[in-house]
Amino acid sequence: MPGSDRRPRTKPTNAPRDELVLAAVERAERHRRRIPPAVPVWAVLEHLALARRSAAARHVRSRLTALQEVGWLESSRSHGVATWALTSSGQRRLQRARRGDGLPALPESPQHRAWSDARTTARQEIEHFRAAVRTQLDEAALLLAADPPPLSDAWLELGDALQRSCRRLGSASYCLREWPEPDDAHADLDDGRATGDDALEHSELVRKRALRAGRRNVALWNDPHAPSR
């Protein structure tokens, strides 16, 4: 058009090739914790390690539609959100790309990154968490020795704080020493199991698994009531 300054849209330099997008959809489906495992675009972008508002992300969004049109992906909707899944044709195309040795490796998976980040944070913070528990146990010893004895509120407040500190320390200990490194061949789900469970009575096993809930949640370590360093 005369006078128009519009230019053809160019492919971003870090935009992944179509086969890598297919690989990201495949791995995102494999790690999906829902049935059916079709995945939204944000999950595909996470497996490609792309920022959601980047030019490369916009390119991927357009390619998802294009890959659907050629029959390599199928689209559906879940709670009003578009989701994507690999078709048998798309799986065959991905296998051919892998046999040709021309397909680059995907970036670190979100589940492996979560494991790695949790270990790093636990390593950095665990001594601080241990010190907090020691401080609160010292406070308990002082309350026990107090004369006259403290009011009940003192015990209730300390008990609440000590419970939070012990859960935080237990979670960090699990992330640092007990959380197995994820295998990207399958979803890394915390089933609440631990070494020695086979020797427990059913009721005790149920109790322990309830206590283990959330032990991978690093976000819970940020306790606003914790003493400052």
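Filtering segment 170-200 to residues that are in contact (Cβ under 8 Å) with a residue 24 or more places away in the chain, exposed (fewer than 14 other Cβ atoms within 10 Å of the Cβ) and farther than 17 Å from residue 210 by Cβ leaves 181, 185, 186. Across segment 91-133, the qualifying residues are those that are among the small types (Gly, Ala, Ser) and out of contact with any helix residue (DSSP H, G or I) (no Cβ under 6 Å at 6 or more places or on another chain), and the one among them that is nearest to residue 160 (Cα to Cα) is 131. Among the conditions (1) farther than 24 Å from residue 107 by Cα; (2) in a loop (DSSP other than H, G, I, E, B); (3) charged (D, E, K, R), the only one that residue 52 does not satisfy is (1). Out of curiosity, is residue 41 touching a residue at least 60 places away in the same chain (Cβ under 8 Å), under 22 Å from residue 87 (Cβ atoms) and either buried (at least 22 other Cβ atoms within 10 Å of the Cβ) or among the β-branched types (Val, Ile, Thr) (or both)? No.
Computed from the coordinates by the stated procedures, all read-outs in this text should not be read as laboratory data. Here the structure is a predicted model, which is why all the values come from computation and not from measurement. Glycine also receives a Cβ, built like all others from the backbone with ideal geometry; neighbour counts cover every protein chain displayed.
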